[in-house]
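What follows draws every value from the coordinates through simple rules; no lab data is involved. Bear in mind that the values here come from a model prediction, so they are computed numbers and not experimental data. Positions of Cβ are backbone-derived with ideal geometry, glycine not excepted, and every protein chain shown enters the neighbour counts.
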Amino acid sequence: MSDVEALKKEAGIAACRFVKTGMKVGLGTGSTVKHTVVELGRRMAEEGLEIVGVPTSLATEQLANKVGIPLVELSSIDGLDIVIDGADEYDPNFQLIKGGGAALLREKVVAQESAAMVVVADDRKRVSHLGAFPLPIEVTPFEHQATIRALGRLLDCRVNCRMAGDNPVVTDNGNMIADAHMGPTITNPVELESLILHVAGVVQVGLFNGMCDAVVLAGANGVETIINPHGRLN
Ligand code: 5RP
């Protein structure tokens, strides 16, 4: 296992301490939180933990089924106790860029239904300003290139359609992903989110503002849990 993979596993497993029997848990998407999902399945099988989950992608749904976490739909429950998810970047104000795995829409829907959000990450994800990681924006298939052009004009930077070989990446929702190469320049993610959401053709943007309550961060010196002083776990 590579060093980075080992850190992801440490963070993913450490975050399980936030999950208690009886909880309804949002299950994020990505290579870090997959370790959380596997560990929760193990605790259910071996330690009597009882939870239900809501997955944020088809990939996570498959994994949860495989490890034996019962799944429910958000419409059948009255909100989630917690969501645990990965991030591509987080800044000192606990604002996030997400969507590197193209699951940002479902991730945001699940996060907004959760009483708390815990992010799992390795320490490469900590930044002073968001934006070095290209900002993912989910756009409708209809005239997606025109929407991407409009985003380029608005943001004054290169915006690409994310590709898988010769074809655009298609999300679980049948949409496309535009990646905006803004550089580490995002000083007001709240304003930027609202600006981007005003563009016709945009479905959602991977800025998660005011949602993250804690980050479980793995680095060379071990795992640290950083609680957002303005968050819901404080
Ligand atoms: C998927 C996401 C992921 O949570 C994010 O890309 C982090 O993934 P990883 O843990 O694999 O680095 O937002 O849309």
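Please state the relative contact order of the stretch 135-205 as a whole percent: Cα pairs under 8 Å, 6+ residues apart?
Here the relative contact order equals 45 percent.
Full extension from Arg126 to Thr225: what is 0.36 nm times the residue separation minus their Cα-Cα distance, to one decimal in nm?
Full extension of this stretch gives 34.4 nm more.
For the chain, what's the relative contact order in percent, using C-alpha pairs closer than 8 Å and at least 6 residues apart?
21 percent
Highest GNM mean-square fluctuation, the chain, Cα pairs closer than 10 Å: which of Leu135, Leu154, Leu58?
Highest fluctuation of the listed residues: Leu154.
Beyond 22 Å, how much of the Cα-Cα pair distribution for the stretch 38-133 remains, as a whole percent?
Details: 1535 of 4560 pairs.
Tail fraction, whole percent: 34.
Taking DSSP loops as anything outside H, G, I, E and B, show the longest stretch in the chain free of trypsin sites (Lys or Arg not before Pro) there with at most 16 other beta carbons within 10 Å.
Formally, the longest exposed-site-free interval is 21-231.
In 10 Å bins starting at zero, report the fraction of Cα pairs in the stretch 130-175 per bin as a rounded %.
24, 56, 19
When the helix-only estimate is applied to the chain (DSSP H runs of n ≥ 4, each -39,500 (n - 2.57), divided by the residue count), what is the mean residue ellipticity at 222 nm, nearest 500 deg cm²/dmol?
It comes out at -8500 deg cm²/dmol, rounded to the nearest 500.
What would the Debye formula give as log10 I(q)/I(0) at q = 0.08, 0.10 Å⁻¹ for the alpha-carbon point model of the chain, no solvent?
Ignoring solvent entirely, the Cα scatterers give -0.28, -0.44.
Mind listing the long-range amide H neighbours of Glu89? Cut-off is under 5 Å, sequence gap 5 or more, other chains count too, H placed in the peptide plane at 1.01 Å from N.
Here Ile97 satisfy the definition.
Simple spin-label model, 7 Å along Cα-to-Cβ: Leu197 to Glu5 in nm?
With each label point 7 Å from Cα toward Cβ, the separation is 3.8 nm.
Compute the distance in nm between two label points, each set 7 Å from the Cα along the Cα-to-Cβ direction, one at Asp156 and one at His181.
Each label point is offset 7 Å from its Cα along the Cβ direction, giving 1.8 nm.
Per q in 0.13, 0.16, 0.22 1/Å, what log10 I(q)/I(0) does a Debye calculation on the alpha-carbon atoms of the stretch 135-205 return?
Here the Debye-derived log intensity ratios amount to -0.33, -0.50, -0.92.
Under the Karplus relation 6.51 cos²θ - 1.76 cosθ + 1.60, θ = phi - 60°, what is the ordered set of whole-Hz ³J(HN,Hα) values for the stretch 26-32, x standing for Gly and Pro?
With coefficients 6.51, -1.76 and 1.60, one gets x, 10, x, 10, x, 7, 8 Hz.
Tell me, what HN-Hα J-couplings in whole Hz come from the Karplus equation 6.51 cos²θ - 1.76 cosθ + 1.60 at θ = phi - 60° for each residue of the stretch 44-54, using x for Gly and Pro?
Result, rounded to whole Hz: 5, 6, 10, 10, x, 4, 10, 9, 10, x, 10.
Let's test the formula: R0 of 25 Å, r as the Cβ-Cβ distance of Gln112 and Thr21. What FRET efficiency results, to the nearest 0.05?
The pair Gln112/Thr21 has a calculated efficiency of 0.50.
If the viscosity is 1.002 mPa s and the temperature 20 °C, what Stokes-Einstein diffusion coefficient in µm²/s follows for the stretch 1-68 when Rh is the Kirkwood radius over Cα pairs?
179 µm²/s
For a Förster distance of 35 Å, can you work out the FRET efficiency between the beta-carbons of Gln145 and Arg42, rounded to the nearest 0.05?
0.20
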